[in-house]
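Reviewing the structure listed below.
The values are calculated or read from the model by the stated rules, or taken from the named source; none is laboratory data. Just so you know, these numbers come straight off a predicted model, no measurement behind them. We place every Cβ from the backbone using ideal geometry, glycine too, and count neighbours over all the protein chains shown. These accessible areas exclude ligands, DNA and RNA; they are computed on the full protein's heavy atoms, side chains included. Shrake-Rupley method; radii C 1.70, N 1.55, O 1.52, S 1.80 Å.
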Amino acid sequence: MIDPQLVRNQPEHVKACLDARHYPPEFLETYMKADREWRDVLQGVDELKAKRNQMTPKGKPTPELLAELTQLAEKIKQDQERLQILEQQTRDAALLLPNIFAEDVPAGKSEADNQEVRVVGVPKAFSFTPKAHDELATALDLVDFERAAKISGARFAVYKKWGAKLERALINFMLDLHTGSHGYTEIMPPALINSQSLTGTGQLPKFAADLFKAEESDLWLSPTAEVQLTNLYRNEILDEELLPMKLTAHTPCFRKEAGSYGKDVKGLIRQHQFNKIELVKLVDPASSADELEKLLNDAEAVLKALDLPYRVVKLCSGDLGFSSAKTYDIEVWFPSQNTYREISSCSNFLDFQARRSMIRYKDKTTGKVQYLHTINGSGLAVGRTFAAILENGQTEDGQILIPSVLQSYVGVEKLQ
């Protein structure tokens, strides 16, 4: 949620940010109108209360004064009831406004305008035409897409034999790296979450159509552990000494992935259910920029350890996610497509999610309670890492070379 004072004091700046994000001006106009009306009524209520206090006598009131005070009390009651309605309308309108992006976010309209930050590793030069990961997985009996479709429908996968072991090995390796080397605390949260949690991190109300909901309940299947990890501290005030708080979790994630097409609907790139390792930080505002860079490095460390070529891009203003103020995408190399594909998004939300979730901290110097900043990123998407290992590690005779850091987890040096 955007700071209301920013909208009131710098409406043109906010409007420019929303324009760059392709949001119609009506979103901001609706919010500003509701906010003005709410503040006008609030001011009126305060004035009526002050008038009532001035009129209240120390002794017994006259019948005329009593009648006037009674009438005044009824007016205050009516306006307070109206105030509650207007406050909710203002909040509802605010929940539909995207975040304001950071000053160093490059201007642009789409992903074509994203800024390449660095390229790490050199894609392998194959002496043969590299196969796609789904073809390799099927040939080696690592993943069964047909039986998954029989059980659940399209865009699900059944991992089996060495495929199941490789998926599990990647999960354990990533968690061990982030907890053992990067200082994150491992969490094992529920996969079903309530509407308040999804509202806190920005998935609701705008993106309800992208989520799976359990019927006749207020529970949804989690689209990302960002939701659970951030909402662990919803409606809490933390001591500054606890910051930065670094959390990680492995969870299954569930998304409808509406609108994906072409190569994305084949294989493991866009599944309705997939495993992911999430990284979340709760930090003080002064350090959030540096903490984003550190989280990005933590996510990159997985690909470096696996010796997978990748690049980092900074998203432009027109390609940013709803809640993000700044995002880096990490894209891993897929030789069968001769391109890089996203495997992690690392974002700084500033106080946007903290305001929606009421997560604050107490400054140890001033004693002031204020909103903290939230940061998160994938560390990494496990299915896409699995696919990248298959494609980059394939040999001409159809074997898959396992990265050296994974061999003790998997138990073999290659799959054949």
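The table for this structure:
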read-out: When segment 271-379 is reduced to its Cα atoms, the Kirkwood hydrodynamic radius in Å; value: 15.2
read-out: Enclosed volume per residue, in Å³, of the convex hull spanned by Cα atoms of the chain; value: 168
read-out: R0 of 25 Å, Cβ-Cβ distance Met358-Asn297: FRET efficiency to nearest 0.05; value: 0.25
read-out: Under the Debye formula (equal points on every Cα, no solvent term), log10 I(q)/I(0) of segment 32-161 at q = 0.13, 0.14 Å⁻¹; value: -0.87, -0.92
read-out: Spacing of the two label points (7 Å from each Cα toward its C-beta) at Thr366 and Asn194, in nm; value: 3.3
read-out: Vicinal HN-Hα couplings computed from phi for segment 194-203 (Karplus, 6.51 cos²θ - 1.76 cosθ + 1.60; Hz; Gly/Pro x); value: 8, 5, 4, 5, 5, 5, x, 9, x, 6
read-out: Note, ³J(HN,Hα) from phi for segment 218-230, Karplus 6.51, -1.76, 1.60, rounded to Hz, x at Gly and Pro; value: 9, 10, 10, 6, 5, x, 5, 5, 3, 5, 5, 5, 5
read-out: FRET efficiency estimate (nearest 0.05) - Cβ-Cβ, Lys206 to Glu37, R0 22 angstrom; value: 0.45
read-out: Nearest 10 degrees, 0 to 90: helix 288-306 Cα axis against the chain principal axis; value: 20
read-out: Residue-averaged [θ]222 nm for the chain, counting only DSSP H segments that reach four residues, each worth -39500 (n - 2.57); value: -13000 deg cm²/dmol
read-out: Kirkwood Rh, angstrom, segment 9-57 [1 / mean 1/r, Cα pairs]; value: 13.1
read-out: Average accessible area per residue (Å²) across segment 337-416 - probe 1.4 Å, nucleic acids and ligands excluded; value: 37
read-out: 0 to 90° range, to nearest 10: angle between helix 382-392 axis and the chain longest Cα axis; value: 30
read-out: Under 29 Å from the Cα of Lys161 - lysines, other chains or at least 8 residues apart; value: Lys124, Lys131, Lys150, Lys256, Lys263, Lys266, Lys276, Lys304, Lys414
read-out: In Å², nearest 10: area of His272 left accessible to a 1.4 Å probe; value: 30
read-out: Cα-based reach from Lys60 at 24 Å (exclusive), listing lysines while leaving out same-chain residues under 8 positions away; value: Lys49, Lys51, Lys75, Lys77
read-out: Rel. contact order, % - alpha carbon contacts under 8 angstrom, at least six apart, the chain; value: 20
